[in-house]
Each structure stands twice: as C-alpha cells, then as structure tokens.
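> Encoded as structure tokens, here's the structure I'll be asking about.
The numbers here are math on the coordinates, done by the rules we state, and not lab data. Please read these numbers as outputs of a predicted model, since none were measured by experiment. Here the Cβ positions follow ideal geometry from the backbone for every residue, glycine too, while neighbour counts run over all protein chains shown.
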Amino acid sequence: MTATLRYPVSRFEATPWVVLADHRERARLSAAAVSSMRRLADEWQLTVDELCALLGEVPASTWHAWTKRPPKDLGVDRLTRVSYLLGIYTALHVLYPGSPLADEWVRRPNTNVLFGGRRPLDMIVGGGIGAMERMRTLLDARRGGA
C-alpha cells in the first residue's frame with residue numbers, strides 16, 4: 001500500500017496564475033496597469049521620459065494618448081514591466097511604512113553593490129526587465145519575502 005502525499009493544511013490560499021499569453025487576460029489588466037503607472041509616476045516623481053523608458057521606450061505621445069484612452073492590450077512585455085514596478089513600489093512601502101523614503105529611495109544614490117553608487121531608478125531605466133527583476137528580488141529578500 002502506498003501512502004498518498006498531501007500538502008499540509010494552511011491558511012494560504014493560492015490564486016490562479018495570470019496567463020499573459022491569453023489576450024483576454026492582457027485586455028483585463030491593461031487599463032488598470034496604465035492607471036497604476038500614472039499613480040506610480042506621481043509618487044516617484046517620474047518625468048514622462050523616465051516613465052516611458054520604464055515602460056519599454058514608449059513614445060511620450062503614446063503615453064499621453066494612453067492616459068486619455070488606455071490601450072486594449074499593453075502586451076506581455078509592458079504588463080510584465082508594470083508588475084515588477086508595482087512589486088518594487090509595494091516592497092518599498094513595506095520596508096519604509098509611512099516614511100517619505102519609500103518613494104524617494106529609487107531616486108537616491110545607493111551604495112549596495114547592485115547599484116554601485118547609482119540611483120536605483122537609473123538601474124531599472126537602463127537595465128529593463130532584468131534589472132527590475134533583480135531589484136524586486138533584492139527588496140523582497142530585505143523584507144523577508146524571499
């Protein structure tokens with residue numbers, strides 16, 4: 001007789017994976033992603049050029065058009081970028097609750113070896129999705145989430 005292995009009982013409830021390959025999922029998330037990026041830009045005091053670079057070199061005119069009428073589908077790349085950026089934002093607010101540092105951190109020079117004295121914002125603008133992933137991992141580890 002073989003024993004059946006089961007996961008231990010916990011209060012954790014897994015949510016279903018978001019499958020960005022599905023155009024319906026991308027369409028469902030796109031308007032909220034644009035709205036969230038508008039708020040993030042305000043909180044981090046991003047210029048339009050910085051915001052457009054973070055979104056994958058979106059032309060400024062396209063960004064301004066999106067703020068009036070979000071696209072039906074931002075695509076996998078841009079939704080992934082938004083997800084990483086919102087995760088970074090959230091991690092910073094967990095690390096520095098109620099402190100202005102939560103939003104200023106990305107603009108301040110950082111001595112962590114990952115940044116080499118540069119601003120975290122410069123790293124993710126220049127490094128794209130890979131840099132966003134590394135920064136998110138760093139911050140999640142610092143807050144005990146990884």
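> Short version: ³J(HN,Hα) in whole Hz for each residue of the stretch 128-143, in order, from phi by Karplus 6.51 cos²θ - 1.76 cosθ + 1.60 (θ = phi - 60°), x for Gly and Pro, what are they?
x, 4, x, 5, 4, 4, 4, 5, 4, 4, 4, 5, 5, 5, 5, 8
> Here's something else I'd like to know. State the Cα centre-to-centre distance between the stretch 28-62 and the stretch 69-91 in whole Å.
9 Å
> Taking a virtual spin label 7 Å from the Cα of E25 along the C-beta vector, which residues in the stretch 51-84 bring their backbone nitrogen under 19 Å of it?
In the stretch 51-84, the label zone of E25 (backbone N under 19 Å from the point 7 Å along Cα→Cβ) covers 72-84.
> Which value in deg cm²/dmol, rounded to the nearest 500, describes the helix-derived mean residue ellipticity at 222 nm for the chain, given -39,500 (n - 2.57) per DSSP H run of n ≥ 4 and division by the residue count?
Details: 6 runs with 86 residues, N = 146.
Result for the chain, helices only: -19000 deg cm²/dmol.
> From zero outward in steps of 10 Å, how is the percent of C-alpha pairs of the stretch 23-142 spread across the bins?
13, 47, 31, 8, 0
> Apply the Karplus curve 6.51 cos²θ - 1.76 cosθ + 1.60, θ = phi - 60°, to the phi angles in the stretch 20-33 and return the couplings in whole Hz, x for Gly and Pro.
6, 5, 8, 4, 5, 5, 4, 5, 5, 8, 4, 5, 5, 5
> Only Cα pairs under 8 Å and at least 6 apart count here; give the relative contact order of the chain as a rounded whole percent. Walk me through the numbers on the way to the answer.
On the way: 121 pairs, mean separation 32.3, N = 146.
Across the chain, relative contact order equals 22 percent.
> Additional query: Read phi for every residue in the stretch 49-63 and hand back ³J(HN,Hα) as whole Hz from Karplus 6.51 cos²θ - 1.76 cosθ + 1.60, θ = phi - 60°, with x for Gly and Pro.
Going residue by residue, I get 4, 5, 4, 5, 5, 4, 7, x, 6, 6, x, 4, 5, 5, 4 Hz, with x marking Gly and Pro.
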